[in-house]
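Encoded as structure tokens, the structure appears first; notes follow it.
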Amino acid sequence: MNKTVALLILTITIIVTLPIFFITIPVLIVIYNGLVKKKNQVQYAFSGVDVALQKRGELIPNLVESVKKYMDYEQTTLKDIVELRSRIGNTNPNSTQRFEMENKLTGLLKNLMVNVESYPDLKANQNMIHLQRTLNETEEQISASRRAYNSAVNSLNNAILTFPSNVLASLYNFKINPYFVADESAKITPNLKQLFN
């Protein structure tokens, strides 16, 4: 092969591969940055859930103390709430086990609030009324935070599982995140007749 042919082949190779290089690298950077942004959004959304759950956790001791005076037979429920609250603090924050424990705590608190209705003095107590309102607001904040978290997780999980971002996701160890899923007891329609008897 003479020098002219070699130079021609090299020039053609550069002309063909150079645009591919300048297109591929920016595309890879955009995909990777998108995955990182989605991962950060999941962490940000989870911190919103965590803040709301922490607020609820801080309300629980006040609630328990207010209710203790009136409810002698509900001591096991109160004990379960306190124990579960402390176990939640020792659990990995971003685990399905934590999500299940939080759902169980939600159920126990709802059950406690239903039982409060049986105590007219407690129900009329200003401190208890304030605690109930605050707890209801906090539960609404938790619900909204969970929806935001699940939306962010959905976006990240879709990016991790779809082509071409799945190639970079597996290369850089992006992991599928769990959703906050409602507890089975929360899906059951309440029996309103029983509540009004």
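Before moving on, here are some points about what is shown:
- Test result for N94, part of a helix (DSSP H, G or I) and closer than 27 Å to Y172 by Cβ: no
- Residues of the range 167-178 satisfying the condition of being open to solvent by 50 Å² or more (accessible area, probe 1.4 Å) and not aromatic (F, W, Y): V167, S170, L171, N173, K175, I176
- Test result for S165, closer than 16 Å to G107 by Cα and modelled with pLDDT under 90: no
- Restricting the range 116-166 to residues that are under 24 Å from Q75 (Cβ atoms), hydroxyl-bearing (S, T, Y) and assigned to a helix (DSSP H, G or I), the residue that is least open to solvent (accessible area, probe 1.4 Å): T138
The values are calculated or read from the model by the stated rules, or taken from the named source; none is laboratory data. Because the structure is a prediction, the values reported are computed rather than measured. Glycine gets a Cβ as well: all are built from the backbone with ideal geometry, and neighbour counts include every protein chain shown. These accessible areas exclude ligands, DNA and RNA; they are computed on the full protein's heavy atoms, side chains included. Shrake-Rupley method; radii C 1.70, N 1.55, O 1.52, S 1.80 Å.
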